[in-house]
Amino acid sequence: MLLCLAVIAAGIGLRQIDRLHFARRRPRTADASRLIALQRARANNATPLVLLAGQWVQITGWWMLAGHGPWAAAAAAVGVASGCRHLQEISHFAVHGVLARTARANLLLAEAFAHLPLGLGAVVLRRRRHVRDHHPHATEAGVDPNLAELHQAGLQPGAGRGRLALALVHPLTPAGLRATASGLAANVLRSPARTGRAAAVAAVLVAAYLAGGWAGLVWGLLVPRLLLYPQLAWMSLLAEHTWFDADQRTGSPAWVEAGRCLRLYPRNRALALLAAATWLPYGDLHHYAHSAHPGVRWNYLSALERHLGQPHFTPDGLLLGPGSVARRHFAALHSPAPPTPARPAGAL
């Protein structure tokens, strides 16, 4: 077991190289232009490669740990699911062109370390869907593909409490599992490059088995990839926007996004740190700042957020509590006329 923990620690250590490189002389608060200039001066192709390699070293450690009893298997399942979320978010910044220095490196790193081994679709298709279709049209019905996903899961106007409860854990339901499996099959088997994509997925399956045996394969890969990671990604999606009662505005990017974004856990540092380490990694906790300025790398989103201020909705909980994200979504789906919030201070 000590070897397993040492491998996990080594992966964590490798990840810090990129963080420390971009943290040098980082201001506590600054506008987007200053932060983008700083990140361009730091941009390179080497530290992102080490970062992604570190994620896979850490995942390998979890595979190795999975066979050391039921508690170790459970920890491995959570650890690998969180690792998949980390890979998803790192590749998200590659889609925006700010992970590495060159466009080619962004594409290759995202494909080789995230999309191919996790069975995701091609990076170029994700870029089109996310950058062209989602970002300019977030929360717009009939245009935003992310909102369409929520609608397909049952988050429709008038949905009852039971329907809402199932929708909040959609990836864990039979319908959600079928959607995950069919999506994987489409990405791998019905892709023009299906031979290479199938080989990449097969290589990950073999690696998990070689590192951790059947426990590594089942608890270290299949359970995280098919159930836990999709649920973590779904929770992230739920916490990105006020999907069903957004205040549609015109004006500066910060003013527009303040009307349709939220900031989870602004007053609870412990929960914010836990979320950032697991299901809201690499700047996903600062989605408002990212939406206002998608060209800013995750290392600088907290400084940008301090400069911008807060969006109009700052909940203390995702699923529970009177001011939670889930409670707001439920109220919005039953409200004939969403309220128009006051203009937040510092939104421009």
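Read-outs: derived from the displayed coordinates by stated rules, not from any lab. All values derive from a computational prediction rather than experimental measurement. When we count neighbours, we look across all protein chains shown, and the Cβ atoms used for this are built from the backbone with ideal geometry, even at glycine.
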*Residue by residue, what Karplus-based ³J(HN,Hα) values in Hz, rounded to whole numbers, does the range 133-138 have, using 6.51, -1.76 and 1.60 with θ = phi - 60° and x for Gly and Pro?*
8, 7, 4, x, 10, 4
*For the chain, build the charge dipole from Cβ charges (+1 Lys, Arg; -1 Asp, Glu) around the Cα centre, then report which of HIS96, MET235, ALA215 sits farthest towards its positive end.*
HIS96
*Which semi-axis lengths, in whole Å and largest first, follow from the square roots of five times the eigenvalues of the Cα gyration tensor of the range 2-333?*
29, 25, 20
*Can you pull the one-decimal nm distance between simple spin-label points at VAL50 and LEU5, each 7 Å off the Cα toward Cβ?*
2.6
*Between ALA185 and ARG249, what length in nm is gained on full extension when 0.36 nm per residue of separation is reduced by their alpha carbon distance?*
19.1 nm
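Tell me, SER82, SER324, SER33 in order of fewest to most beta-carbon neighbours within 10 Å?
On the way: SER82 21, SER324 17, SER33 10.
By the 10 Å Cβ count, ascending: SER33, SER324, SER82.
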*Taking Cα pairs under 8 Å and at least six residues apart, what relative contact order does the range 48-174 come out at, in percent?*
13
*Mean separation of Cα contacts under 8 Å (6+ apart) over length of the range 118-232, as relative contact order %*: 24
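Would you mind getting me the FRET efficiency between GLN16 and ARG40? Use the beta-carbon distance for r and R0 = 25 Å, nearest 0.05.
Numbers: r = 22 Å, r/R0 = 0.87.
Here the calculated transfer efficiency is 0.70.
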*Mind jotting down the distance between the C-alpha centroids of the range 272-310 and the range 101-152, whole Å?*
18
*Any idea what the relative contact order of the chain is, in percent, if you count C-alpha pairs under 8 Å spaced at least 6 apart?*
21
*Could you tell me which of PHE313, ALA110, LEU38 has its Cα farthest along the dipole of the chain towards the positive end, charges placed at Cβ (Lys, Arg +1; Asp, Glu -1), taken about the Cα centre?*
LEU38
